[in-house]
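Below is one structure; the comments refer to it alone.
The values are calculated or read from the model by the stated rules, or taken from the named source; none is laboratory data. Given the structure is predicted, the values throughout are model-derived calculations rather than measurements. Reconstructed Cβ throughout: ideal geometry from the backbone, glycine too, with neighbour counts over all protein chains shown.
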Amino acid sequence: MITEKHIKITLKTPYTTLGECSQKTRIIWVVFHGYKQLAKRFIQKFTILDLKTNFIIAPQGLSKFYLEGHFGHVGASWMTKEDRETDIQNQLVYINSVFQKETQNIDFQNVQLNILGFSQGVTTACRWAFYQNIPFDNLILWAGSFPHEITKKQILKRNAKIIALIGTKDSFYNPELWQKQLKKIEKYVQKPKTLLYDGKHEVSRTILKQITDEEIKF
């Protein structure tokens, strides 16, 4: 008889930060990389921010693999369809642990919280934000999909924003699916901020600087 079982274990796994969390910190970011990326590389996109006032936390997908063959560059993934619910629960436990460790002395009455997900990281960012009732100020959904199973109407923090953006040259961009995505988001904020820009499937430092300057203000 073949029986699949589960066991709870204690894991040691990495995450990456950029900047220093101090009394001068005014904005904390929790950012989620895309498929095949690593947190330590993804977080480099955020060096354009003022690190005197911004502190960035980048969790990493718990599954790593070689990108080509059996050696060379390594990437990470947040989950697959295999044992999906277990992966989601493991993600939430891991991300909560990282967040609590890095922000245990933070008063979020005086510090802004931004959550950003890119590509596959969008669904992970949304699940963490909504399943755990995280009081974010800005949720940035970059070239990814809002999870289909999130249907509960959550009461968001006053003045919370959801910002959705994608490049028109992104291989995943589909105008019809984009509109469906926006309708899902409108269940949570009446007028989500949206941006279609001339770009491919990547986090553009130029566009990141643009939305930071125009939409994300402390």
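List pairs: first residue in the range 141-169 and closer than 27 Å to Lys200 by Cα and in contact (Cβ under 8 Å) with a residue 12 or more places away in the chain, second residue surrounded by fewer than 17 Cβ atoms within 10 Å (Cβ to Cβ) and among the basic types (Lys, Arg) anywhere in the structure, Cβ distance under 9 angstrom, at least six positions apart or on different chains.
Gly167/Lys200; Lys169/Lys200
Could you list, ordered by first residue, the pairs with Cβ atoms under 6 Å in which the first is in the range 184-204 and surrounded by 14 or more Cβ atoms within 10 Å (Cβ to Cβ) and of a type in the set (A, V, I, L, M) and the second is at pLDDT 95 or above and not in a strand (DSSP E or B), at least 6 apart or interchain?
Short answer, once both residue conditions are applied: Leu196/Thr168; Val203/Lys45.
When you check Phe55 against the structure, is it at pLDDT below 90 and farther than 16 Å from Ile134 by Cα, yes or no?
no
Quick one: Leu116 ticks every box in (1) more than 14 Å from the chain's Cα centre (by Cα); (2) in contact (Cβ under 8 Å) with a residue 24 or more places away in the chain except a single one, so which number is it?
Result: Leu116 fails condition (1) only.
Condition first: assigned to a strand (DSSP E or B) and out of contact with any Ser or Thr (no Cβ under 9 Å at 6 or more places or on another chain). Now tell me which residues in the range 71-81 satisfy that.
Val74, Gly75
In the range 76-97, what count of residues is obtained for those that are out of contact with any Phe, Trp or Tyr (no Cβ under 9 Å at 6 or more places or on another chain) and more than 21 Å from Ile43 (Cβ to Cβ)?
Final tally of qualifying residues: 10.
Looking at the range 98-125, which of its residues are closer than 19 Å to Arg41 by Cβ and not in a loop (DSSP other than H, G, I, E, B)?
If the condition is that a residue be closer than 19 Å to Arg41 by Cβ and not in a loop (DSSP other than H, G, I, E, B), then Val98, Leu116, Gly117, Phe118, Gln120, Gly121, Val122, Thr124, Ala125 are the ones that fit.
Search the range 139-197 for residues being among the aromatic types (Phe, Trp, Tyr) and in a loop (DSSP other than H, G, I, E, B), and hand back the single one that is nearest to Lys81 (Cα to Cα).
Looking at the filtered set, the residue picked out is Phe146.
Need the failing condition index for Ile95 against (1) in a helix (DSSP H, G or I); (2) closer than 20 Å to His6 by Cα, just the number.
Exception for Ile95: condition (2).
So Ile211 passes all but one of these: (1) in a helix (DSSP H, G or I); (2) in contact with a helix residue (DSSP H, G or I) (Cβ under 7 Å, 6 or more places away or on another chain). Which condition number does it fail?
So Ile211 meets the others, but not (2).
Yes or no: the range 21-31 includes at least one residue that is free of Cβ contacts under 8 Å to residues at least 40 places away in the same chain, among the basic types (Lys, Arg), surrounded by fewer than 21 Cβ atoms within 10 Å (Cβ to Cβ) and over 23 Å from Thr212 (Cβ atoms).
no
Consider Trp128 against the criteria (1) loosely packed, with under 12 Cβ neighbours inside 10 Å; (2) assigned to a helix (DSSP H, G or I): it satisfies all of them except one. Which criterion is unmet?
Just one mismatch for Trp128, condition (1).
Do you know which residues across the range 55-70 are part of a strand (DSSP E or B) and over 21 Å from Thr124 (Cβ atoms)?
Tyr66
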